[in-house]
Every structure is written in structure tokens, then in C-alpha cells.
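Undergrad: Sending over a structure as C-alpha cells; questions will come in a sec.
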There are 2 protein chains.
Amino acid sequence: MKIQELADKMGLTIHTIRFYEKEGLLDDRHVRRERNNYRNYSDKAVERLKLIKKFQSIGCSLAELKGVLQDHDANTHTNQQIIDWIRSKKKEIESKKEEYDQILDTLNKMLEYRTLLMDDPQKAQEMLKAWHAGSSD
Amino acid sequence: MKIQELADKMGLTIHTIRFYEKEGLLDDRHVRRERNNYRNYSDKAVERLKLIKKFQSIGCSLAELKGVLQDHDANTHTNQQIIDWIRSKKKEIESKKEEYDQILDTLNKMLEYRTLLMDDPQKAQEMLKAWHAGSSD
DNA sequence: ATAAACTATGAAGTGAACTCTAGGGCAAGC
DNA sequence: GCTTGCCCTAGAGTTCACTTCATAGTTTAT
């Protein structure tokens, strides 16, 4: 499979694929060279890129991913270590979600205030005062 | 108030504050110069930085923020426009949250599989097969 | 008086994950 | 055999939000 074909199949650009290779996320199980020096990708490349996408989607940086994949290839870790890793990753994501919840809280308050401002400016004023008094804002 | 004092008060570095000024987020209501060319910050600077932090915390880039603050200063927008903006911002954040939910789903499945692998490798194998059959993975 | 601690400037550096460019080599159709 | 359209490389550019640096002037403490 040539690079553009793989790119289309995976929804990536050819630049990204070459970039991943340069970063050491693909090796000769995934890419070989033809006589003309064109890259020729195996089906394992597709699997690899899917794996990369999956790990990326669970919030891994490419650097972290590189470690994970190397260990994955080398079968370095015990099941318990993997479980621990998943748990810590979960915590990471959960705290990010909490951040977003706080953002939503703020936006909701803003919305409430603005909506009230259209219906009952008086009450909106009161709300603003209560807000200023109550929080660190 | 000199720059270090403001920085301490706001939990920012002096570099960041100067950077914000350079980016046009502060103007002469917030900073003036003394005879020695040192910056002198008013209380409005504190308010401004709080506002910046708030908007940043609701997921605004500095560029977006700049627009928001300029409009805020100029009183450009109607209440309805602001409400619309908040609504679109909410959607943005909500979709980010959904992404994280999907990530958590994946992590939970991974965890389930790995846990099962310790207790009952047979069943774990079945689970893996079911997974491969059922989803696009 | 001198050193330490603060202030100023403009410019360059950081890191992540691409993205694009220049300058060239192959391949397939007409 | 010429054009079009892939492919190659090395390296520079992009975005964001800072951060660091080099250099220099000012204020404060001893």
C-alpha cells in the first residue's frame, strides 16, 4: 500500500504518517521500501495507526504513546502494571472532566443572569450583587 | 502597584502580565508609567486580570478573549448576542466533555478486560473476541 | 558607595503535533 | 516524449501561551 492510499484509509495526511515514522511510532513491520524508495505499508501499519489513534483518543501524547507502544511490542509490563496505568489515566481524564463541569457551571450562571436581564433587570441586578458578595468573584 | 506586587496578587509572573499588555489585553485604564518608566497598575488591572482568568477558565483563547474584552469595553453587543455566544460556548464545552466520556468508556472496558484477565483468562479471551466482532475496533 | 533587588526592552526559545515548502525523482497516459 | 500526478528528503513554518535571555537602567538596603 502506498502512502496516499494509507492516508486516505486512515483519514490522515501523508505528512502525518511520515511524521509518525520519524517519531519512531512505525518500524519495519509497518513500512518497507520498494526499489524506487517509495514506502510500502503492510496491513500491520493500518493496525498500528488504529492503535495510535485509540491511544491518542484516550489522551496520550505522542511521547507517552511511544513508550506505551514500545512496551506493548516488547511485552514489558505485567497485567497489574497495565491496570495501574489505566487507573491513573482514568483519574487524569476524570479531573479534566471536572474542570469542564466547572466551566459549564460558570457558563450556566452567566446565561441565567443574561436571561434574567431580559425579563427582569431588577432581579438580575440582585443576582449580580449576591454573586459578588458570595464568591471570590 | 508595581508589577511584582500585581503578579503576586494574581498568581501570575511579571512576564505573563507584560505579555498580556503586549497582546492588547490591558490598556491605560490598567497600566500607566511612572517618571522612571516603571509600570504602575491600578485596581482596574486586578479586575481586568480576574476577568481574563475567568474567560480563560471557560475555555477562551487569548485571541478570542481579546475580541470579547474589546466588545465588552465598547459595549458592542446586545444581550441577545451575548446569550447566543454563551450558548455556543456551552455547546463547545459539552462536546469536549462527551469526548472525555468516550475516553472513559474505553478505559473502563480496558480495565474490565485486564481485571478479568487476572481472574478468568478464559472469559477475558471471549470478551476480546466479542469486542472485535462487535465494534469497528 | 556599592551591592542586591527590582524594573525595563526586544528578541529568541519552548513544546506539541503537525503542516508546508523547495527541489528533486519516478510512473502512467496520450 | 511530454504532461500530470504521484513519491522522496531535509528542513522551515505554524499555533498557543507563555518563558527565558541579554542587556541595561533604577531603587533600596547596608
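Undergrad: Check off (1) among the hydrophobic types (A, V, I, L, M, F, W, C); (2) more than 18 Å from the chain's Cα centre (by Cα); (3) within 12 Å of chain A (Cβ to nearest Cβ) for B:ALA74 and give me the number that stays unchecked.
TA: Status for B:ALA74: all satisfied but (3).
Undergrad: Okay, moving on. From the residues in segment B:1-50 that are open to solvent by 90 Å² or more (accessible area, probe 1.4 Å) and in a strand (DSSP E or B), which one is nearest to DNA strand C (Cβ to nearest atom)?
TA: B:ARG33
Undergrad: For residues in segment A:100-131 being surrounded by fewer than 16 Cβ atoms within 10 Å (Cβ to Cβ) and of a type in the set (Lys, Arg), which is farthest from the other protein chains (Cβ to nearest Cβ)?
TA: A:LYS129
Undergrad: Please give the number of the condition A:LYS91 fails out of (1) without any contact (Cβ under 8 Å) to a residue 12 or more places away in the chain; (2) basic (Lys, Arg); (3) at the interface with chain B (Cβ under 8 Å from one of its Cβ atoms); (4) open to solvent by 60 Å² or more (accessible area, probe 1.4 Å).
TA: (3)
Undergrad: Tell me which residues, restricted to segment B:20-40, are more than 9 Å from DNA strand D (Cβ to nearest atom) and out of contact with any Ser or Thr (no Cβ under 8 Å at 6 or more places or on another chain).
TA: Across segment B:20-40, the qualifying residues are B:GLU21, B:GLY24, B:LEU25, B:LEU26, B:ASP27, B:ASP28, B:ARG33, B:ARG39, B:ASN40.
Undergrad: Kindly check whether there is at least one residue in segment A:60-67 that is away from every other protein chain (no Cβ under 14 Å), in a strand (DSSP E or B), touching a residue at least 12 places away in the same chain (Cβ under 8 Å) and not basic (Lys, Arg).
TA: The answer is no, given that none of the residues of segment A:60-67 is away from every other protein chain (no Cβ under 14 Å), in a strand (DSSP E or B), touching a residue at least 12 places away in the same chain (Cβ under 8 Å) and not basic (Lys, Arg).
Undergrad: Report whether or not A:LYS54 is surrounded by 13 or more Cβ atoms within 10 Å (Cβ to Cβ), free of Cβ contacts under 8 Å to residues at least 12 places away in the same chain, charged (D, E, K, R) and assigned by TED's automatic domain parsing to the domain that holds A:GLY11.
TA: When the stated conditions are applied, A:LYS54 passes them.
Undergrad: Condition test on A:ASN75, is it polar (S, T, N, Q), more than 30 Å from B:LYS91 (Cβ to Cβ) and open to solvent by 60 Å² or more (accessible area, probe 1.4 Å)?
TA: Here the answer is yes, as A:ASN75 does meet what is asked.
Undergrad: In addition: Kindly establish whether B:ARG114 is away from DNA strand D (no atom under 16 Å from the Cβ) and not in a helix (DSSP H, G or I).
TA: It is false that B:ARG114 is away from DNA strand D (no atom under 16 Å from the Cβ) and not in a helix (DSSP H, G or I).
The values are calculated or read from the model by the stated rules, or taken from the named source; none is laboratory data. All of these numbers come straight from a predicted model, not from anything done at the bench. As a convention, Cβ positions derive from the backbone with ideal geometry for all residues, glycine included, and neighbour counts pool all protein chains shown. Accessible surface is based on the protein model in full, side chains and every heavy atom, while ligands, DNA and RNA are left aside. Shrake-Rupley method; radii C 1.70, N 1.55, O 1.52, S 1.80 Å.
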